[in-house]
Amino acid sequence: MDTVIEKPNFGISANAAKRIVTLTAAEGSGVMFRIAVNGGGCSGYQYDFSFDDAKTDDDMLVERDGAKVLVDLVSLEFLGGAEIDFVEDLMGAHFEVKN
C-alpha cells in the first residue's frame, strides 16, 4: 500500500505539478517523478530530479493535481519548508527548489 502524504512538509507548485504530469506521461505508464537531496559542499545541497517506476520502503509518495512525486525519507527532512517549482525564464526552463 502506498503512503500518500496529504500535507507534506514541502510544497509542489501548480506549475511544477503540471510539468511533472506532462513529463511522466511521456515516459510511460506508472512512471513517477523522484526528488532526492544529495550531500552539500561549498555550494550547498544538490537536488536530483529523475524518473522512477517503483516506490521503495523508505519513499513517501506526494501527489498534487495528478503529479506523483517520490521522496526518500532522508531527502524529505532536507526539503522541510521548501517548494518545488517549475520556472521558465531567459535562462531556460528548469525545476527549482525554493527555500
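General remarks:
- Projecting label points 7 angstrom from Cα along Cα→Cβ for residue 74 and residue 42 puts them 2.4 nm apart.
- Computed about its Cα centre, the charge dipole of region 19-99 is approximately 80 debye, with only Lys, Arg, Asp and Glu carrying charge at their Cβ.
- Based on C-alpha pairs under 8 angstrom that are at least 6 apart in sequence, the chain has a relative contact order of 34 percent.
- Accessible area per residue for the chain, computed on protein heavy atoms with a 1.4 Å probe, is 61 Å².
- Computed from the C-beta positions of residue 53 and residue 91, the FRET efficiency with R₀ = 22 Å rounds to 0.10.
The values are calculated or read from the model by the stated rules, or taken from the named source; none is laboratory data. Everything numeric in this text was worked out from a predicted model, so none of it was measured. Note: ideal-geometry Cβ built from the backbone for every residue, glycine included; neighbour counts use all protein chains shown. These accessible areas exclude ligands, DNA and RNA; they are computed on the full protein's heavy atoms, side chains included. Shrake-Rupley method; radii C 1.70, N 1.55, O 1.52, S 1.80 Å.
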